[in-house]
1. What are the pairs, 6+ residues apart or on separate chains, where a residue within region A:60-75 that is outside the structural domain of A:Gln410 (by the TED database) has its Cβ under 7 Å from a residue that is among the acidic types (Asp, Glu)?
2. Mind checking which residues of region B:53-107 are free of Cβ contacts under 8 Å to residues at least 40 places away in the same chain and away from chain A (no Cβ under 14 Å)?
3. Suppose we filter A:Asp168, A:Asp180 for residues that are closer than 26 Å to A:Gly328 by Cα and either open to solvent by 10 Å² or more (accessible area, probe 1.4 Å) or assigned to a helix (DSSP H, G or I) (or both); which single one remains?
4. Suppose we filter A:Val222, A:Val160, A:Val173 for residues that are closer than 30 Å to A:Gly129 by Cα, assigned to a loop (DSSP other than H, G, I, E, B) and β-branched (Val, Ile, Thr); which single one remains?
5. Across region A:98-111, which residue is farthest from B:His57 (Cα to Cα) among those that are in contact (Cβ under 8 Å) with a residue 24 or more places away in the chain and within 12 Å of chain B (Cβ to nearest Cβ)?
6. Could you grab me the full set of residues in region A:363-411 that are of a type in the set (Gly, Ala, Ser) and over 30 Å from A:Gly333 (Cβ atoms)?
7. Would you be able to tell me the number of residues in region A:127-145 that are within 14 Å of chain B (Cβ to nearest Cβ) and in contact with a Ser or Thr (Cβ under 7 Å, 6 or more places away or on another chain)?
8. Of (1) in contact (Cβ under 8 Å) with a residue 40 or more places away in the chain; (2) loosely packed, with under 14 Cβ neighbours inside 10 Å; (3) assigned to a loop (DSSP other than H, G, I, E, B), B:Leu121 satisfies all except one. Which?
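The values are calculated or read from the model by the stated rules, or taken from the named source; none is laboratory data. None of these values were measured; they are calculated from a predicted model. Positions of Cβ are generated from backbone atoms using ideal geometry, with glycine treated the same way; all protein chains shown enter the neighbour counts. Accessible surface is based on the protein model in full, side chains and every heavy atom, while ligands, DNA and RNA are left aside. Shrake-Rupley method; radii C 1.70, N 1.55, O 1.52, S 1.80 Å.
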Amino acid sequence: MAPVAGTYDYDLAVIGGGSGGLACAKEAVNLGAKVTVLDYVTPSPQGTKWGLGGTCVNVGCIPKKLMHQAALLGESIHEAVAYGWEVPSLDAIKINWPALTEAVQNHIKSVNWVTRVDLREKKIDYVNGLGEFKDPHTLIATLKNGSKKEITAKNIVIAVGGRPHYPDIPGAVEYCISSDDIFSLGHPPGKTLVVGAGYIGLECAGFLNSLGYPATVLVRSVPLRGFDQQMAQAVTSEMEQKGVVFHNKCVPLSVEKLETGQLKARWQNTETQERGEDVFDTVLMATGRYALTKTLNLEAAGVTCVSNSGKIIAETEQTNVSNIYAVGDVLEGKPELTPVAIHAGRLLARRMFAGATQPMDYDNVATTVFTPLEYGCVGLSEETALARHGADKVEVYHAFYKPTEFFIPQRNIRNCYLKAVALREAPQRILGLHFVGPVAGEVIQGFAAAVKCGITMEQLMNTVGIHPTVAEEFTRLNITKRSGKDPNPASCCS
Amino acid sequence: MSNAICKSLRSPVRNLASLKKAISTSLVHNETILVRNNEEFINKVMNNDKPVIVNFHAEWCEPCKILTPQLKQLIEPLTDLDLAVVDVEDNADLVHTFEVKAVPAVIAIKNGLIVDKFIGLVETDMITCLINRMSGKKKEGT
């Protein structure tokens, strides 16, 4: 329906029903706007698809955390023995993969449903179709049955997120799965090769290994590239100690299917040129994600602020076309996190419909990698702080620590480590906090608020800790890297 | 469609004779009513001369998998009370009309009016109490 005398079908059309899109849509409706949300999931190469809610709900944060939890619970059963629990036969303890995936998928479906009900309650029109631009104010949604629906809107928000990238090697698309498929995999994954050592690859390898499925990781350059490398090392050391095999500086060459149905993967070490191969039951590609902007037909809308990787460059979430915006993973150079998309989406809606001016603050966003031993952080990595301010102007406080609960079951404490990166000059404003240990996400969250308030080392050291916790270790920091003193703990309670 | 349901809710007095024609003849006494669309709901629940316990159910909901069989077991033997199961995935309109925000949800309908409602898996006592009230039985000792 073409706009008549400037009237559009909607005040706002959101392309993408994920974290960012839905948050923006719901906030807009609260502010009186007439809103429609388009959401569509193109099946993965292996045929997996899912419902409303986006990556986080269906194939990201939620199922990941649930499987991570399942893995931790498995470890807990073993630890419980040391605490006196009489566990019948420890070697009989094993994971029932179908039961796990059913429980996880049931939860996801309940969230899909609540999301749909919520949209209906709020009178947001939901269109299950793949959206593309016809012109700056017109979208065409292609539904599953092939029919097309034209929608006009005053404002349009692109919140299409991204999907897993497959390397261009033989067998990748035909035989390999990705994070799109693992959480609903119809058969136990068995011995798995994870290609990629970003947080998705490491988290998957981590929980698979803990669930009893041997995992191998191919690391192209370094693990958790972009994160503090010392902490990334601690994370991977712990995973190695738990049995995950790492092949560093290796890139995949090919994946072929054997008569047994298993997969033979070949790789090459880019430094030594040495080749390696092994047979796996599953090969999981975790080699990055790409933004879903190609199918949007951005040209028809005149949107040109697109990077080489396909992401949208929009510093204030507004594209070069004044009525078209973008939010979430589709944005260039912004943290690809659900809370970031949600917060940015809400602020954007307020700027669009309530005359607000507050921009999204993308700095000091806390995040956590949910590997078996978790890594939580907020602010700058040590490398970034040093590069930005110079070694002379930066002070790093660090410490190894021993969680009280680890003693009895004799859990490995070698990688329990934390550090605070601060400006050297008093009062030593904190630039970054890093923590590897149990419940790292819970530990770091509160400190994110502190960093936002500009917390200094003086304030941190004057904070009384809660005992016995692992979070209190931040308040006990007193040894600097510069001093060269031993950061290992003498004993607790002193 | 929800309009028709709302109207039925507001007018308890109806011409029973004309309605009997609307009731599907395939309705077997005491068999649980499986509601697949709004029309079935109006015919077999709103226009039912017997009170009906309507159970909003979802396959992905663990508590539903406990409650629904329990309700079937308690209600199927009764001749003066019916049970209708509404799968929330197939009946978005009904979910919206009855403002069902969580499952399991149980709504008791008598003569086209909502006379009771509970959300979640409640204790067996509460369920049997509701059933007794709906089927006109007086619970002993109350």
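1. Close Cβ pairs satisfying both conditions: A:Lys64/A:Glu203; A:His68/A:Glu203.
2. Correct list: B:Thr68, B:Pro69, B:Gln73.
3. The unique qualifying residue is A:Asp180.
4. A:Val160
5. A:Val104
6. Selection gives A:Ala399 alone.
7. Count: 0.
8. (2)
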